[in-house]
Structures are given as C-alpha cells and as structure tokens.
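Worksheet: one structure, shown below.
A short reminder: the numbers here are calculations on the coordinates, not readings from a lab. Source: prediction; values computed, not measured. Virtual Cβ from ideal backbone geometry, glycine too; neighbours counted across all protein chains shown.
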Amino acid sequence: MPIVPPQNVAGNAMVLVIAIMTFLSCLTLGAVTLVRDTAATWQNEIAREATVQVKPAEGFDITIALDQAVAIAREFDGVRSAAIVDDAATARLLEPWLGSGVDLEELPVPRLVTITIDPDNPPDFAAMREAITQNVPYASLDDHRTWVDRLVAMARSTVAIGVSVLVLILCATLLTVVFATRGAMSGNGHVIEVLHFVGAEAGFIARQFRSHFLLTGMKGAATGGVLATLVFLGFSWWSSRNLATPEGDQAAALFGNFAIGIAGYAGVGVIVIAVSILTAATTHITVVSYLNDLDTTPSDG
C-alpha cells in the first residue's frame, strides 16, 4: 500500500490551486515585464527630443520668433535637427479637442519647435534655455526631464509592487502545500507512525511525499504557465490585429504591442520550475518536521 494516498478529490483540488497560483504569478511577472519595457521605450523616446514653445501675443510676429528659435537650437552641439511644427501638424494635434477645420489665425495657440537630440551626447539644456528665453520673446524650452524622472519613478514603483505581489502569491502557494501535506499525513497517520517506529528513516518517508507532491506541483504549475502564455499570446495577437483602430492605437501608446518578449516567456518557465521545486522542498521540510515531532512526543510525556 502506498504511503501517500493516490490522486483523489483533494489531490485534484491541490493541482487546481497550484495552477491558479502559478497563473497569477505568471500574469504578475508579465505585467511587470510589460511595464518595465514600455517605460524604457518611453524614456528613450522622450530622451531623444526637446520642445520649444512660443506663445502668441498681439503685435508679435510668431513666424520670425520660430525661425530664431530654430537657429539658436541648431547652434548647440548634440542637436541633430530642429524643425517648426507646421500649421497642419498643429491642427492635427488639436483635432481631438477642437475638431477639424481649426483656423489657427483666430486662436491664441502656441506654436512648437521640435528639437531632436543625440541621447549619447545631449546638449547643454541650461545654456540653450537661457539663449532662447533671452533672444526669443514669449518662448520657453521643455527638455522633458521632469517627465523622464516621473516616468522612471513610476516604473520602479510599479515593478516593486509587482515583485511584492509575486512574493505574496508564492508564499500563499507554499502555505497551501504545507496544509495539503499535513492533511495527507493525517490521513495516513497510523501507517506513517508504524513505519517510522519500526525503523523506516525519515528520509525514506519524506521522499515518498516529496515525489508525490513534486508531480502534483509540476502538473499544476505547467497548467498555470500554459494558460498564462496563452493569455499573453492572445493579447499580442489582438494588439497586432487592431493596430489601425483607435482602441489599438491607444493601447499601443500605453503598452506597446502587449508583447512580453523572450525574457517574459523565459520568466514564465522559471516560475513553473520554481513552483514545482518549492512544492517538493516544502513538502520534504514539512514531513521531516512532522516526524521529528513524533520522536520528541514520547520523551515529553
């Protein structure tokens, strides 16, 4: 008769619980990977560009001011190009709020100059800001550094929260394994006690439980990992199918193409393996601790 009871309703429930925990762990890891990669993409894109804003004023020739801002920006080392955002492009930027057919001459709309910079050799923004503000009236330079700092802080906070949630899920999984192991041992308590007291070593008994729960953990973890992978592939497929739609454009702007990349899928595999190993190790420790309690109980009496 096997020491560990064969697969039953309780065993199937254990597989289901581990599958759910692994699925949630993989989703958390995927979300952290997605946020980290998207934030890095945003940071790189923002770091390549600065903007000069020139506000209109009565009696002020904004066209000349824009040309002056472009000329000043091009004088600095590290500036790859500087260009005025034309009326058509400005109208497209305002279209979501003001609709089409906007007459910029009738509205006090600031005009923009986009400056493309070398991220490996950025210009002296302080000197550029001073030169622009002193020589171009109603002009201001935005190097987007504030947004970059906020973006980095947000990404780090999100990653920290995700890692914390992942650790909590794994802890809950380990506690579930402990309770399941205790339950399995209680169901065969008399057999285990007889085997132990007639000379069966704790390692032998622990190996029986470890093998059983390793198989259980592998089944549950593999199921959860496969389901999480299907979810990621489904989101990636949906994103690629809706690139030209408003919903797809908004999602792509926030989260890229929902692809977690090779590193993300490798992380799913690592979680599946880790959950299986942790399940077996936790079972082994629980069984050995239980048998040690049996050894100390008679002497305490």
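Sorting check: for 19-27, 151-159, 48-56, which peptide has the highest mean count of neighbouring beta carbons within 10 Å, and how do the rest follow?
Working: 19-27: 23.4, 151-159: 14.3, 48-56: 18.4.
With the highest mean Cβ count within 10 Å placed first, the list reads 19-27, 48-56, 151-159.
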* Asked: How big is the shadow of the Cα convex hull of the range 56-137, averaged over all directions, in nm²?
  -> 6.1 nm²
* To do: Which order do the peptides 270-277, 119-126 take when ranked by the mean count of other beta-carbon atoms within 10 Å per residue, highest first?
  => 270-277, 119-126
